[in-house]
């Protein structure tokens, strides 16, 4: 019924928990938890459980009062739905049972930096992650996708975490196309229209507020990265921390990786894909990330050269630059060219902040690539640090005024 392994005590729930047996199991489980050392974590395994009555839910609440760190694992989808409806999934650590799918034998319909996308049914696709992505990271992206959808972010419907026996993945609704690039090349005469829709999608997302902070804080994530970046001198990390603290706190939804490969289409509307980095914070952080993908990557390092950039995004370097120009034009409607140039110059300098963190963000790249990123980061962010700090209020004001 239960086992103890190291610093974890596992209690195994029965197939059913209802009025006929709840009292019995409550006594057994309570006795076990009361005997546990204070530094031992309590975990309830619900692998076999397919039914929970209200008395079963009450049992879980009672156990959680005894051991607030209690977590539930291997929860079947039908049981998870009950826990979700009662709100317990927001109060406890609850892991859904991973659904098994048949081995995938078809070729991927799209590839990304951390996995591949396959069409497995008429209305369903699955993103299978590379082995370098942890189970916790995959579950976090799945949770992010669900939260984003409920907040109103234009995004794909996310069903569940799955496994084919070798890799973990996330199952999504099927989209008409796999990326913005495929839309453009199927109808290139309307490139300007797609560029405008791309820009409007960014602004529409930024207008959404995560007032309850259900997503993670983008600023806190960057502060954590700075702490880990021990390859940087203390003085540089202090300036980066000061920059983050100077950026006004906001609760706008921030995607973190807004580029053409992360845009798809459903029923004629563009939607966001890849929720691994979505959070809340100042939209300024999205501009910094997108400037790298749309402007810098093909012009210098990162994707290494224009040919690699085109292969990754499916668009020419000049086309990516046009997307950026459209973003600035649509976001800051009515701004004169001097104001737009001021914004572009400032974002170019601020991008150096993130380049200094690239070795931490992309540890598998070779040292020479890391060194080039660091050199570019210092040229932009550190060489213009005083001016960057002076410009933060005006850049933030431009964004705030645009969003209303």
**Request:** Would you mind finding the one in 42, 64, 23 that is out of contact with any strand residue (DSSP E or B) (no Cβ under 7 Å at 6 or more places or on another chain) and either closer than 27 Å to residue 160 by Cβ or modelled with pLDDT of 95 or more (or both)?
**Result:** 64
**Request:** Sort out which residues of region 14-31 are in contact with a helix residue (DSSP H, G or I) (Cβ under 8 Å, 6 or more places away or on another chain) and either assigned to a loop (DSSP other than H, G, I, E, B) or not assigned by TED's automatic domain parsing to the domain that holds residue 52 (or both), and write them in order of number.
**Result:** 14, 18, 19
**Message:** So, residue 268, is that one closer than 25 Å to residue 310 by Cα and either surrounded by fewer than 20 Cβ atoms within 10 Å (Cβ to Cβ) or outside the structural domain of residue 283 (by TED's automatic domain parsing) (or both) or not?
**Reply:** yes
**Item:** Residues of region 70-109 that turn out to be touching a helix residue (DSSP H, G or I) at 6+ places or on another chain (Cβ under 8 Å) and more than 20 Å from residue 214 (Cα to Cα), as a count
**Value:** 6
**Message:** Go through region 250-264 and report how many residues are more than 17 Å from residue 226 (Cα to Cα), in contact with a helix residue (DSSP H, G or I) (Cβ under 7 Å, 6 or more places away or on another chain) and part of a loop (DSSP other than H, G, I, E, B).
**Reply:** 4
**Message:** Suppose we filter 232, 201, 244 for residues that are out of contact with any helix residue (DSSP H, G or I) (no Cβ under 6 Å at 6 or more places or on another chain), at pLDDT 90 or above, more than 28 Å from residue 156 (Cβ to Cβ) and buried (at least 16 other Cβ atoms within 10 Å of the Cβ); which single one remains?
**Reply:** 232
**Request:** May I ask you to list pairs of residues, at least six apart or on different chains, whose Cβ atoms are under 7 Å apart, with the first in region 235-246 being without any contact (Cβ under 8 Å) to a residue 24 or more places away in the chain and the second being outside any helix (DSSP H, G or I)?
**Result:** 237/229
**Message:** Need a quick list: strands (runs of 3 or more DSSP E) entirely within region 68-133 having at least 2 residues that are closer than 30 Å to residue 314 by Cβ.
**Reply:** 115-121, 124-129
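The values are calculated or read from the model by the stated rules, or taken from the named source; none is laboratory data. Worth saying up front: this structure is predicted, and the values here are computed from it rather than measured. Using ideal geometry, Cβ is built from the backbone for each residue, glycine included, and neighbour counts are taken over all protein chains shown.
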